[in-house]
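One structure is given below, represented as structure tokens, and several questions about it will come after.
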Amino acid sequence: MTKAELQDVMNEDLKNFLKDLLDQVARDMADGSFEDASNRLSRVMVIFPGHEKTNRVMFEVSIKIAKPENLAANLFRLRLLGLATKSDFLAALGGFVKSDRISDAVAFCKSLLRKQPNDPLTRFYDAEMASVSMPIPDYLRALRVVLVLEPSLAIAAAQYAAELGLYDPKAWGMPEVNRWRTRAYVSAPEDRAVRFALAYEERRHSILDMESWRKFSLDYASLEGRNGPVSLPLPSWNGQVDRNQRLLVWGTDRDGVGDILLHARCLRSLLEVGQTGGVRVPQRLERLICRSFPDWEVFSEPRAVYAEYGYCIRLLDLSGHVAPDETVAYLRADSNLRDNLRGRYRRSSDKPLIGLSWRGGSGALDRMARTVPLTELARLFCDDKMIWVSLQHGSLEDDEVRLAQDGRLIIDEDIDPYGDIDLFAAQVAAMDAVISVNNTTANLAAGLGLPTLCILPKSTQWWWGVEGDRTPWYPNMRLFRQAVPGQWDDVVERIVAAVGAPKVSV
């Protein structure tokens with residue numbers, strides 16, 4: 001029955017009935033009674049299976065209930081009616097990912113694939129969910145299937161080019177990779193997410209190339225809908241030193257703490273070329289940054305007037321204009337706090353203190369990629385010539401607590417890395433060396449000048465590059481790169497060998 005025929009059959013009473021029911025469903029949703037709303041809609045959809053608004057509302061209700069099979073069925077019904085969009089799919093999947101329900105996100109994709117096995121978008125995100133633990137050749141094959149089904153799916157082409165570059169860094173810039181990069185651009189020239197992804201990979205393969213960073217910065221601003229590096233009534237700084245104008249460097253609350261600490265070393269480079277000004281940072285970083293950069297005016301609260309500044313730039317954009325300063329220890333912890341903590345942990349022993357952090361990441365997929373289970377690192381504790389101290393933020397899991405209870409790992413519950421970065425910096429500075437995954441701890445330790453062993457997943461932020469065990473950001477840091485996503489055995493072997501040396505080797 002067509003929509004027009006259905007409208008002819010429905011009399012005024014039925015229309016009023018549907019209106020009343022949808023009003024009641026809206027009240028149920030406002031009260032959080034999503035199961036009641038779903039039950040009401042299910043009864044009506046038996047009679048009117050093709051009613052557009054009812055199907056749309058049912059899909060919205062199923063997002064709230066968030067049961068993978070049910071949500072996949074309702075999205076599939078929308079697609080059969082020609083009502084589903086890419087945004088609907090991303091809204092459904094994003095609900096699981098944002099709430100850290102990765103297994104449910106995978107189940108949702110699998111359920112939808114059973115109903116429509118040749119849908120390229122579903123196949124793409126199904127591969128994305130699995131990529132954290134999937135060998136790169138397998139991931140490349142999955143992406144090729146997607147691109148066979150939909151050659152113009154730009155985000156898949158961009159991701160394929162990126163993975164080729166990770167699998168073989170020497171292939172970046174070669175014809176095969178360039179072909180896929182070009183396809184992504186041509187397929188979606190106005191897609192900001194695609195432009196951002198491609199610029200990000202360009203940046204990853206040319207860490208200190210300022211031109212690629214400026215391109216990435218512009219695409220990042222475009223992705224966020226910003227007109228310039230900072231949403232302030234000041235001209236954006238173009239990299240030209242102006243000794244008559246002060247520069248405002250802006251660190252936002254959305255920037256990661258580790259990202260801010262890493263890019264802050266560029267502040268010294270600005271002073272060396274004669275550019276002065278002020279730095280805005282999140283409040284919890286204010287004391288540390290103020291102590292570390294006494295020649296800069298440091299503040300945390302946004303101001304109503306910025307008349308004393310001539311230009312502004314986002315802190316994370318500085319490396320597009322100046323190279324990182326080569327000073328090893330450019331961050332300064334509170335020396336009194338540091339010495340007190342060092343004495344507390346050593347307890348009259350002369351054994352070296354080794355700090356350890358094994359979890360990182362701001363989202364569920366990111367955490368899965370970066371985290372090394374502490375049970376895999378437990379071999380380190382067999383070395384009784386060292387004192388091991390947890391520098392891990394967040395609550396500990398059962399296995400981690402047991403390691404602390406048997407005396408092999410010191411956990412200082414008086415320190416909150418989230419709430420008091422300055423105290424945490426003193427704790428890190430009390431160490432003789434630090435082993436950490438890619439997180440705030442690694443950046444803080446290296447910035448304080450400590451020998452730092454940094455554990456990286458196969459795919460990581462652009463500033464770590466794609467190969468090698470050194471980084472231009474930290475001369476005192478050694479990188480331990482994962483060879484296969486999800487597998488840490490080889491990395492742990494190399495860490496154990498480095499720590500087993502007479503002195504922790506960087």
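The values are calculated or read from the model by the stated rules, or taken from the named source; none is laboratory data. Since the structure is predicted, the reported quantities are computational estimates derived from the model, not experimental observations. Positions of Cβ are backbone-derived with ideal geometry, glycine not excepted, and every protein chain shown enters the neighbour counts.
Listed here are the residues, each with its yes/no results for (1) over 19 Å from the mean Cα position of the chain (by Cα); (2) at pLDDT below 90; (3) crowded, with 17+ Cβ neighbours inside 10 Å.
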residue	(1), (2), (3)
Leu208	yes, yes, no
Ser212	yes, yes, yes
Arg226	yes, yes, no
Thr252	no, yes, no
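Something else: Mind listing just one residue for me: the one in the stretch 318-354 that is in contact with a helix residue (DSSP H, G or I) (Cβ under 6 Å, 6 or more places away or on another chain) and more than 30 Å from Trp250 (Cβ to Cβ) and, of those, surrounded by the fewest Cβ atoms within 10 Å (Cβ to Cβ)?
Filtering first and then ranking leaves Leu353.
Cβ-Cβ distance below 7 Å, separation of 6 or more or different chains: which pairs start in the stretch 442-464 with a residue that is under 18 Å from Thr371 (Cβ atoms) and not assigned by TED's automatic domain parsing to the domain that holds Ser133 and end on one that is of a type in the set (Ser, Thr, Tyr) and surrounded by fewer than 22 Cβ atoms within 10 Å (Cβ to Cβ)?
Listed pairs, sorted by first residue: Trp464/Thr471.
Here's something else I'd like to know. Is it true that some residue in the stretch 357-366 is within 21 Å of the chain's Cα centre (by Cα) and free of Cβ contacts under 8 Å to residues at least 24 places away in the same chain?
Yes; the residues of the stretch 357-366 include at least one that is within 21 Å of the chain's Cα centre (by Cα) and free of Cβ contacts under 8 Å to residues at least 24 places away in the same chain.
Scan the stretch 447-506 for residues that are touching a Leu at 6+ places or on another chain (Cβ under 7 Å), hydroxyl-bearing (Ser, Thr, Tyr) and over 20 Å from Leu365 (Cα atoms) and jot them down.
Selection gives Thr471 alone.
Mind listing whichever residues of the stretch 157-193 are over 22 Å from Ser131 (Cα atoms), among the hydrophobic types (A, V, I, L, M, F, W, C) and surrounded by fewer than 16 Cβ atoms within 10 Å (Cβ to Cβ)?
Within the stretch 157-193, Met174, Val186 qualify.
Can you find a residue in the stretch 111-121 that is polar (S, T, N, Q), crowded, with 18+ Cβ neighbours inside 10 Å and within 30 Å of Val484 (Cα to Cα)?
yes
Can you tell me how many residues within the stretch 62-120 are of a type outside the set (A, V, I, L, M, F, W, C), within 20 Å of Arg367 (Cα to Cα) and either modelled with pLDDT of 85 or more or in a helix (DSSP H, G or I) (or both)?
So the count comes out to 5.
OK, next. Looking at the stretch 172-179, is at least one residue farther than 27 Å from Ala84 by Cα, free of Cβ contacts under 8 Å to residues at least 40 places away in the same chain and not in a helix (DSSP H, G or I)?
Checked the stretch 172-179: at least one residue is farther than 27 Å from Ala84 by Cα, free of Cβ contacts under 8 Å to residues at least 40 places away in the same chain and not in a helix (DSSP H, G or I).
If only one of Leu147, Leu112 is in contact with a Ser or Thr (Cβ under 8 Å, 6 or more places away or on another chain) and free of Cβ contacts under 8 Å to residues at least 60 places away in the same chain, which one is it?
Leu112
Among Val496, Val491, which is outside any loop (DSSP other than H, G, I, E, B) and out of contact with any helix residue (DSSP H, G or I) (no Cβ under 7 Å at 6 or more places or on another chain)?
Answer to the check: Val491.
May I ask you to list the residues in the stretch 143-153 that are assigned to a helix (DSSP H, G or I) and crowded, with 21+ Cβ neighbours inside 10 Å?
Matches in the stretch 143-153: Leu143, Val146.
All but one of (1) surrounded by fewer than 22 Cβ atoms within 10 Å (Cβ to Cβ); (2) at negative phi hold for Gly274; state the number of the condition that does not hold.
(2)
Are there any helices (runs of 4 or more DSSP H) wholly within the stretch 242-343 with 2 or more residues that are among the β-branched types (Val, Ile, Thr) and in contact (Cβ under 8 Å) with a residue 12 or more places away in the chain, and if so which?
257-263
Does the stretch 164-196 hold any residues that are of a type in the set (Asp, Glu) and over 19 Å from Tyr139 (Cβ atoms), and which are they?
Hits for the stretch 164-196 are Glu190, Asp191.
Restricting the search to the stretch 244-283, which residues are basic (Lys, Arg) and touching a Ser or Thr at 6+ places or on another chain (Cβ under 8 Å)?
Hits for the stretch 244-283 are Arg246, Arg265, Arg268, Arg280.
If you take the residues of the stretch 70-101 that are aliphatic (A, V, I, L, M) and surrounded by fewer than 18 Cβ atoms within 10 Å (Cβ to Cβ), which of them is farthest from Asn55 (Cα to Cα)?
Leu90
I've got another one for you. Among the numbered criteria (1) modelled with pLDDT under 90; (2) under 29 Å from Pro135 (Cβ atoms); (3) of a type in the set (Gly, Ala, Ser), which single criterion is violated by Ser357?
Result: Ser357 fails condition (1) only.
Within the stretch 158-167, identify whether any single residue is at pLDDT 70 or above and more than 21 Å from Gln461 (Cβ to Cβ), and answer yes or no.
no
What number goes with the only condition from (1) modelled with pLDDT of 90 or more; (2) closer than 24 Å to Leu262 by Cβ that Val492 does not pass?
Of everything listed in (1) modelled with pLDDT of 90 or more; (2) closer than 24 Å to Leu262 by Cβ, Val492 misses just condition (2).
Surrounded by fewer than 16 Cβ atoms within 10 Å (Cβ to Cβ) and without any contact (Cβ under 8 Å) to a residue 12 or more places away in the chain: which single residue out of Gly407, Gly419 fits that description?
Gly407
Then there is this: Here is a check on your reading of the model: is Ser42 out of contact with any Asp or Glu (no Cβ under 9 Å at 6 or more places or on another chain), at pLDDT 80 or above, farther than 17 Å from Ala84 by Cα and assigned to a helix (DSSP H, G or I)?
yes
Failed condition for Gly486, given (1) modelled with pLDDT under 95; (2) surrounded by 24 or more Cβ atoms within 10 Å (Cβ to Cβ); (3) small (Gly, Ala, Ser), with all others met?
If we test Gly486 against (1) modelled with pLDDT under 95; (2) surrounded by 24 or more Cβ atoms within 10 Å (Cβ to Cβ); (3) small (Gly, Ala, Ser), just (2) comes out false.
Inside the stretch 131-142, can you point out the residues that are more than 13 Å from Leu164 (Cβ to Cβ) and crowded, with 17+ Cβ neighbours inside 10 Å?
Once the filter is applied, which keeps residues that are more than 13 Å from Leu164 (Cβ to Cβ) and crowded, with 17+ Cβ neighbours inside 10 Å, the stretch 131-142 yields Ser131, Val132, Met134, Ala142.
Can Arg370 be described as closer than 22 Å to Leu409 by Cβ, in contact with a Lys or Arg (Cβ under 8 Å, 6 or more places away or on another chain) and charged (D, E, K, R)?
In short, yes.
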